[in-house]
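Worksheet: the structure to be examined is printed underneath.
The values are calculated or read from the model by the stated rules, or taken from the named source; none is laboratory data. It should be emphasised that the depicted structure is a prediction, and the values quoted were computed from it without experimental measurement. All Cβ positions, even for glycine, are placed from backbone atoms using ideal geometry, and neighbour counts span all protein chains on display.
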Amino acid sequence: MKISNDIKKFAVKSIVFIVIFAVVDIAFGFVADKLYFTQNRKLTYVIEQSDEDVIIFGASRAVGHYNVAIIADSLSMAVYNAGLGGQNIYVQYAMLKSLLERYTPKVVIFDTFDIDIYKTPPTWDRDKLTLFYPYYNRDTAVREIVDLRSQYDNIKMLSNFVRMNSQPASIAILPLFYGNSEVVCRNGGYVVINENNCYNGSYEKVGDEFGSEIDALKLKYIRKFVELCRENSVECIFVSSPIYGDISSSSIVDDMERLTSELEVEYWNYFNDGEFADAALFKDVKHLNSKGADRYSAKIASRLKQEFR
């Protein structure tokens with residue numbers, strides 16, 4: 001009898017705990033969502049508010065290489081730089097699919113690099129998808145991508161504590177002290193790298209940082225990215241912006257040319273464009289400074305203008 005009573009007490013306490021936890025979790029989710037989604041956040045803008053004619057996707061090289069003011073002025077079209085530092089094809093696909101559910105841009109530019117097609121360490125792969133946790137319950141494209149991270153993420157997302165725990169600092173603390181490029185969208189998403197920040201290294205061969213083993217899942221999502229553009233009559237252009245170094249020993253150019261040929265999309269390769277063989281145009285081997293970005297943006301704008309004349 002005593003055992004039976006102990007079991008009942010345990011069951012009651014367990015139910016009470018679960019109910020209290022659920023109520024607190026719901027309350028936390030409500031407050032965290034309010035704090036998070038009232039911030040002027042680049043990712044939120046792209047997914048839920050963007051309406052520009054030209055959208056530029058990619059990682060940090062996209063963020064700092066495409067001066068939207070120059071491109072927009074040349075084309076007389078609205079342009080937004082949706083680049084997010086360190087983010088690969090999974091994030092680009094989710095953003096594209098999300099915005100296409102609201103409106104259809106005319107042109108999509110995808111500045112691709114090694115992290116988009118090759119196998120990489122987890123920290124450069126699907127681990128990055130925690131970025132999307134706060135959006136999980138707001139967007140079906142986000143859910144599709146987050147669920148790639150692990151077979152348990154869809155279960156973990158039932159808890160607001162887990163869903164919002166990936167961004168604790170940026171929810172409550174970060175906006176009080178400073179706005180970084182991922183939190184505050186300014187300059188149409190373009191981040192200026194001061195032209196005085198110049199690379200002082202030598203011009204050398206640039207190999208494959210992560211190796212050159214093709215990642216089948218990434219390729220699947222590159223194909224899905226192109227299919228989304230095609231289904232919505234969006235002009236899709238893959239671009240490799242300049243680097244300061246000889247890329248000839250890398251596999252990426254051949255792999256990108258082969259892939260884009262198979263997908264029947266344009267590929268503009270500026271990796272070793274002679275016009276940018278000047279260290280004064282670069283912050284480091286892989287990133288232009290603002291002087292280089294302005295020159296490169298003018299070149300891209302001119303070519304786009306020729307394409308869509």
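Residues in the stretch 233-265 that are at pLDDT 95 or above and among the small types (Gly, Ala, Ser): Ser233, Ser240, Ser241, Ser261.
Residues in the stretch 282-290: is at least one at positive phi and outside any helix (DSSP H, G or I)? No - not one qualifying residue is present in the stretch 282-290. Residues that are among the small types (Gly, Ala, Ser) and crowded, with 20+ Cβ neighbours inside 10 Å within the stretch 233-248 comprise Ser240, Ser241, Gly245, listed in sequence order. Can you confirm whether the stretch 91-107 contains a residue that is modelled with pLDDT under 95, in a helix (DSSP H, G or I) and among the aromatic types (Phe, Trp, Tyr)? No, the stretch 91-107 has no match at all. If I filter the stretch 259-275 for residues that are surrounded by fewer than 17 Cβ atoms within 10 Å (Cβ to Cβ), assigned to a helix (DSSP H, G or I), free of Cβ contacts under 8 Å to residues at least 24 places away in the same chain and not hydroxyl-bearing (Ser, Thr, Tyr), do I get at least one hit? Scanning the stretch 259-275, I find at least one residue that is surrounded by fewer than 17 Cβ atoms within 10 Å (Cβ to Cβ), assigned to a helix (DSSP H, G or I), free of Cβ contacts under 8 Å to residues at least 24 places away in the same chain and not hydroxyl-bearing (Ser, Thr, Tyr), so the answer is yes. Please verify whether Val253 is among the β-branched types (Val, Ile, Thr) and farther than 25 Å from Ala78 by Cβ, treating the condition exactly as stated. Yes: the conditions hold for Val253. Looking at the structure I just gave you, is Lys156 over 16 Å from Tyr221 (Cβ atoms), out of contact with any Asp or Glu (no Cβ under 8 Å at 6 or more places or on another chain) and charged (D, E, K, R)? So Lys156 passes the test.
For the stretch 164-232, the helices (runs of 4 or more DSSP H) that sit wholly inside it and include 1 or more residues that are modelled with pLDDT of 90 or more and either surrounded by 16 or more Cβ atoms within 10 Å (Cβ to Cβ) or in the same structural domain as Gly64 (by TED's automatic domain parsing) (or both) are 216-231.
Restricting attention to the stretch 224-247, the residues being touching a strand residue (DSSP E or B) at 6+ places or on another chain (Cβ under 7 Å) and within 15 Å of Val206 (Cα to Cα) number 6.
When restricted to residues that are closer than 17 Å to Gly58 by Cα and either without any contact (Cβ under 8 Å) to a residue 40 or more places away in the chain or in a strand (DSSP E or B) (or both), the stretch 236-258 contains 6.
Residues that are of a type outside the set (Asp, Glu) and either surrounded by 20 or more Cβ atoms within 10 Å (Cβ to Cβ) or in contact with a strand residue (DSSP E or B) (Cβ under 7 Å, 6 or more places away or on another chain) (or both) within the stretch 249-258 comprise Ser249, Ile252, Val253, Met256, listed in sequence order.
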